[in-house]
Every structure is written in C-alpha cells, then in structure tokens.
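S.K.: Can you read through this structure? Questions will come right after.
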C-alpha cells in the first residue's frame, strides 16, 4: 500500500515536535549536547509507518526529572497530566567525578572559604561536588517536560490531519 500522505504527516509531526523540544531546552538553558542529540525517523515497515524519536540517554531524566530520597519530583506528560517521575535516587546520588568537572567548568564558588585557599584546588572542587551530589540525592531534579509538552501539542494539533492523511491514502489506493 502506498502511503505518501501519512508519511508526509509523520515527517511534519516529527519535525515540529523536535523543533519545539530543542527550543524548550534552549529556553531552559539546557541546550548543548542534549539539544544536538534530538532527532526523529519515519520508519516504513511492511504496511505500517511510524515515527520514532531519539535523544541522548540522559534526556529522559531532564524531561521527566528524578525524585530524591526525601522529595518527589514530577513532570507533565504528553496527555497534560502531572505525573510523578518514574526515576528516583535511592542509595547513590549523581557521580562525584562528573559533578566535579561541571563545578570546574561552570566556575561555581562555594561560601565560607578560608582566606588564602585557592578555589581551583581539587580538594575544594571535590568537596563542593560531594555537597551538590548529596543535595541532588535528597531533593532530586525537577523535570522540565521539554519533550512531553511539544509531543502533547503536536498530537493535539495534528490529530485531525492524521485522519485526513489516512483517508487520502486510502482513497488514492482505491483509485
């Protein structure tokens, strides 16, 4: 069965969702590698056509958040409902080595430093990273629904067009 209208619809849908998701990340100040990793594919297999989205693995944590061991975090799903994050810190927090690199790259400075102590020492940076890791473990990370919201909007907007695309393809295959 030839399904060009449905394929065009899915390409348009995927493109819109991706563009809005990337815009949401930029607006939240979380662009960069995650933003560059977001993409979609229209897959044709047999008589079916589907759209598949992909992004860096940690994107789902940014999108849906991660509950801490004392604070539950939530996100807004593609249906517009607030959901509790399916991810949770239990015994471990984020890796100290990754946070140390982040602290150094961002130039984050802590309070209460002793006079004369360099803020660039490995010991200071590691201590700050341990503190941040502990806070994240306890409080979690709030989801920003950067992907869920555009998916919801896309599904609402394209819902009527989806039916028309299928109808057009069916009518064209009968002719």
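S.K.: Just to be sure I understand, how many residues within the range 62-86 are farther than 13 Å from residue 136 by Cα and touching a strand residue (DSSP E or B) at 6+ places or on another chain (Cβ under 7 Å)?
M.R.: Number of matching residues: 10.
S.K.: In the list 14, 80, 59, 65, which residue meets the criterion of being at pLDDT 90 or above and on the phi > 0 side of the Ramachandran plot?
M.R.: 65
S.K.: Next question, about the same structure. Tell me, please, whether a residue that is touching a strand residue (DSSP E or B) at 6+ places or on another chain (Cβ under 6 Å) and either free of Cβ contacts under 8 Å to residues at least 24 places away in the same chain or farther than 16 Å from residue 154 by Cβ (or both) can be found in the range 17-35.
M.R.: There is no residue in the range 17-35 that is touching a strand residue (DSSP E or B) at 6+ places or on another chain (Cβ under 6 Å) and either free of Cβ contacts under 8 Å to residues at least 24 places away in the same chain or farther than 16 Å from residue 154 by Cβ (or both).
S.K.: Do we have any residue at all in the range 153-163 that's closer than 20 Å to residue 16 by Cβ and at pLDDT 85 or above?
M.R.: Looking for residues that are closer than 20 Å to residue 16 by Cβ and at pLDDT 85 or above, one finds at least one in the range 153-163, hence yes.
S.K.: Checking residue 12 against (1) more than 16 Å from the chain's Cα centre (by Cα); (2) over 20 Å from residue 156 (Cα atoms); (3) not assigned by TED's automatic domain parsing to the domain that holds residue 133, which test does it fail?
M.R.: If we test residue 12 against (1) more than 16 Å from the chain's Cα centre (by Cα); (2) over 20 Å from residue 156 (Cα atoms); (3) not assigned by TED's automatic domain parsing to the domain that holds residue 133, just (2) comes out false.
S.K.: For residue 82, are the conditions met, namely being exposed (fewer than 15 other Cβ atoms within 10 Å of the Cβ) and out of contact with any helix residue (DSSP H, G or I) (no Cβ under 8 Å at 6 or more places or on another chain)?
M.R.: Taking the combined requirement at face value, the residue satisfies it.
S.K.: How about the range 69-97: which of its residues are without any contact (Cβ under 8 Å) to a residue 40 or more places away in the chain and farther than 30 Å from residue 17 by Cα?
M.R.: 90, 91, 95, 96, 97
The values are calculated or read from the model by the stated rules, or taken from the named source; none is laboratory data. This is a predicted model, so every value here is computed, not measured. Reconstructed Cβ throughout: ideal geometry from the backbone, glycine too, with neighbour counts over all protein chains shown.
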